[in-house]
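Participant: Pasting a structure here, questions to come.
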Amino acid sequence: MSEKLKFGKYEFTSRLMVGTGKYATNELMKEALAASGAEVVTVAVRRVNITGEGESMLDYIDRTKYTLLPNTAGCYTADDAIRTCRLAREALDIDLVKLEVLGDEKTLFPDNEATLEAAAVLVKEGFTVLPYTSDDPIMARKLEDLGCAAIMPLAAPIGSGLGIRNPYNIRIILENAGVPVIVDAGVGTASEAAFAMELGCDAVLMNTAIADAKDPVKMATAMRLGVEAGRLASESGRIPRKLYATASSPLGGLIG
């Protein structure tokens, strides 16, 4: 049986992590979450009602079944991200956070320096920090050295559906990481999720690819199967690529 995904004090069977934004209705979100088989669900703290007053998207998430992963989406400074994480811990009683500090409104690429600044503070305050970062192996190492519990390099710009644009950097990050590597942002379909896992990634996080699909529930199912298939393929060890054919039937015992 495949090992569980572990970071900090947390461990999970599913290696697909999903978001909660962009769904047409909360009921549809609930169905898609169930179909995905995910155990970790991200919530944008700045964009949802976490106070418990009035109806909230959180009312549709069974916290006995899912672990919430509050994120700092929409934060453009380290101070904003730190403040948002503190709010999430107070309101949701959880120390697990996905740290996003954005550097540009058009590309939504991360501000790596600000991410490092915020991560250093949050780790010291006892948070289990999962930082969204560029696919830069040096930045990944610095974040791990600070004490982040996992590294979340982007595959492509958030919501772009372009798939993994630079698998070679992801491979370098994987070779050197001592914590889980979770591909975040840019995956568009199940084959791309499978590819991320075949590279050796520990998990995949996505939102738009499921929520904006014509049938989010079917796509959530496809992503679950893609992640599972990619993980099994990674663990199995693929055959080497060869230029010429190799007979698949044994040659011994043939009658001349």
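The values are calculated or read from the model by the stated rules, or taken from the named source; none is laboratory data. Keep in mind that what you see is a predicted model, and the values were worked out from it rather than measured. Don't worry about glycine lacking a Cβ; one is built from the backbone with ideal geometry, like all the others, and counts go over all protein chains shown. Side chains included, ligands, DNA and RNA excluded: accessible areas come from the protein's heavy atoms. Shrake-Rupley method; radii C 1.70, N 1.55, O 1.52, S 1.80 Å.
Participant: Restricting the search to the stretch 177-189, which residues are open to solvent by 20 Å² or more (accessible area, probe 1.4 Å) and of a type in the set (Gly, Ala, Ser)?
Facilitator: Residues satisfying the conditions are Ala177, Gly178, Gly188.
Participant: When Val183 is evaluated against the numbered criteria (1) over 20 Å from Phe12 (Cβ atoms); (2) without any contact (Cβ under 8 Å) to a residue 40 or more places away in the chain; (3) not aromatic (Phe, Trp, Tyr), which criterion, by number, is the only one it fails?
Facilitator: Here Val183 meets the rest and fails (1).
Participant: For the structure I just gave you, tell me whether Ala177 is of a type outside the set (Asp, Glu), within 23 Å of Leu33 (Cβ to Cβ) and in contact (Cβ under 8 Å) with a residue 24 or more places away in the chain.
Facilitator: Spelling it out, it is not the case that Ala177 is of a type outside the set (Asp, Glu), within 23 Å of Leu33 (Cβ to Cβ) and in contact (Cβ under 8 Å) with a residue 24 or more places away in the chain.
Residue by residue, here is whether (1) farther than 29 Å from Lys30 by Cα; (2) among the β-branched types (Val, Ile, Thr); (3) outside any loop (DSSP other than H, G, I, E, B); (4) in contact with a Cys (Cβ under 7 Å, 6 or more places away or on another chain) holds:
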| residue | (1), (2), (3), (4) |
| --- | --- |
| Arg141 | yes, no, yes, no |
| Met197 | no, no, yes, no |
| Ile210 | no, yes, yes, no |
| Val217 | no, yes, yes, no |
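Participant: Further, regarding this structure: Just to be sure before I move on: is Arg15 open to solvent by 60 Å² or more (accessible area, probe 1.4 Å) and of a type outside the set (Gly, Ala, Ser) in the structure I sent?
Facilitator: When the stated conditions are applied, Arg15 does not pass them.
Participant: Considering every residue within the stretch 155-167, establish whether at least one is part of a helix (DSSP H, G or I), farther than 15 Å from Val18 by Cβ and within 16 Å of the chain's Cα centre (by Cα).
Facilitator: Yes: the stretch 155-167 contains one or more residues that are part of a helix (DSSP H, G or I), farther than 15 Å from Val18 by Cβ and within 16 Å of the chain's Cα centre (by Cα).
Participant: Give the stretch 125-143 a look and list any residue that's open to solvent by 50 Å² or more (accessible area, probe 1.4 Å) and not hydrophobic (A, V, I, L, M, F, W, C), or say none.
Facilitator: Glu125, Asp136, Arg141, Lys142
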